[in-house]
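Colleague: One structure, pasted below without further comment.
The values are calculated or read from the model by the stated rules, or taken from the named source; none is laboratory data. No experiment lies behind these values; they were computed from the predicted model shown. Here the Cβ positions follow ideal geometry from the backbone for every residue, glycine too, while neighbour counts run over all protein chains shown.
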């Protein structure tokens, strides 16, 4: 039979165990309290905050904006698919558009990974039909590097793609 002391011990022990597992699995960015990116202009006025933006943040913003647009399109297509008043043709068209969106998204992610691993460059890739826009983080804006990126991406496709490279 379990008495009150054992029950309290087990309860507190399980609580400590759950909290420790949570702490271990928590992302390391949340644990760091590095406030060096934030510089206050005036201590009396808390509304004016200057923030340093790193170059990699530009790519993250672009990726997040693209993801938001993608999710908005998918949500609107899901509404069409789940609406009972929509015709079968419209549902089929919405399904095809959703399938094409998913294919484009996976191609973009694959190209980003390949550019990152093969060419050792951080990049953002946006595909629109046969046009591919690549935004690369690089200190030097070199035409030879842009040409190398364009050739590398073109080797991934059989048909002619119109590739643009932008340096940030």
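Colleague: Restricting to segment 109-120, name every residue that is without any contact (Cβ under 8 Å) to a residue 24 or more places away in the chain and either surrounded by 15 or more Cβ atoms within 10 Å (Cβ to Cβ) or touching a strand residue (DSSP E or B) at 6+ places or on another chain (Cβ under 6 Å) (or both).
Modeller: 112
Colleague: Moving to a separate point now. Any residue that is more than 15 Å from the chain's Cα centre (by Cα), surrounded by 10 or more Cβ atoms within 10 Å (Cβ to Cβ), modelled with pLDDT under 85 and at negative phi - is there at least one of those in segment 55-65?
Modeller: Step one: of segment 55-65, the residues more than 15 Å from the chain's Cα centre (by Cα) are 55.
Cutting the leftovers down to surrounded by 10 or more Cβ atoms within 10 Å (Cβ to Cβ) gives us 55.
Now restrict to residues that are modelled with pLDDT under 85: 55.
Cutting the leftovers down to at negative phi gives us 55.
The answer is yes, given that some residue of segment 55-65 is more than 15 Å from the chain's Cα centre (by Cα), surrounded by 10 or more Cβ atoms within 10 Å (Cβ to Cβ), modelled with pLDDT under 85 and at negative phi.
Colleague: Out of all the residues in segment 121-144, is one or more surrounded by 12 or more Cβ atoms within 10 Å (Cβ to Cβ) and assigned to a helix (DSSP H, G or I)?
Modeller: No, segment 121-144 has no match at all.
Colleague: Looking at (1) under 24 Å from residue 68 (Cβ atoms); (2) loosely packed, with under 11 Cβ neighbours inside 10 Å, which is the one condition that is false for residue 85?
Modeller: Looking at each condition in turn, residue 85 falls short on (1).
Colleague: Same structure again: In segment 118-145, which residues are farther than 21 Å from residue 64 by Cβ and at pLDDT 90 or above?
Modeller: Passing the criteria: only 131.
Colleague: Ok, one more. Determine which member of the set 67, 79, 111, 59 is touching a helix residue (DSSP H, G or I) at 6+ places or on another chain (Cβ under 8 Å) and part of a helix (DSSP H, G or I).
Modeller: Working: 67 fails: touching a helix residue (DSSP H, G or I) at 6+ places or on another chain (Cβ under 8 Å); 79 fails: touching a helix residue (DSSP H, G or I) at 6+ places or on another chain (Cβ under 8 Å); 59 fails: touching a helix residue (DSSP H, G or I) at 6+ places or on another chain (Cβ under 8 Å).
The unique qualifying residue is 111.
Colleague: Of the residues 163, 149, 153, which single one is free of Cβ contacts under 8 Å to residues at least 40 places away in the same chain, in contact with a strand residue (DSSP E or B) (Cβ under 6 Å, 6 or more places away or on another chain), within 30 Å of residue 76 (Cβ to Cβ) and surrounded by 15 or more Cβ atoms within 10 Å (Cβ to Cβ)?
Modeller: Working: 149 fails: within 30 Å of residue 76 (Cβ to Cβ); 153 fails: free of Cβ contacts under 8 Å to residues at least 40 places away in the same chain.
None of the others qualify; the one that does is 163.
Colleague: Let me ask something additional. Given the conditions (1) out of contact with any helix residue (DSSP H, G or I) (no Cβ under 6 Å at 6 or more places or on another chain); (2) closer than 30 Å to residue 163 by Cα; (3) at pLDDT below 90, which single one is not true for residue 35?
Modeller: Unmet for residue 35, out of (1) out of contact with any helix residue (DSSP H, G or I) (no Cβ under 6 Å at 6 or more places or on another chain); (2) closer than 30 Å to residue 163 by Cα; (3) at pLDDT below 90: (2).
Colleague: Testing residue 99 on (1) over 18 Å from residue 154 (Cβ atoms); (2) surrounded by 14 or more Cβ atoms within 10 Å (Cβ to Cβ), one condition comes back false. Which one is that?
Modeller: (2)
Colleague: I'd like the full set of residues that are under 10 Å from residue 167 (Cβ atoms) and touching a residue at least 24 places away in the same chain (Cβ under 8 Å), limited to segment 126-139. Quick ask: steps written out before the conclusion?
Modeller: Within segment 126-139, the first condition is being under 10 Å from residue 167 (Cβ atoms), and the residues that meet it are 134-139.
Those that are under 10 Å from residue 167 (Cβ atoms) and touching a residue at least 24 places away in the same chain (Cβ under 8 Å): 134, 135, 136, 137, 138.
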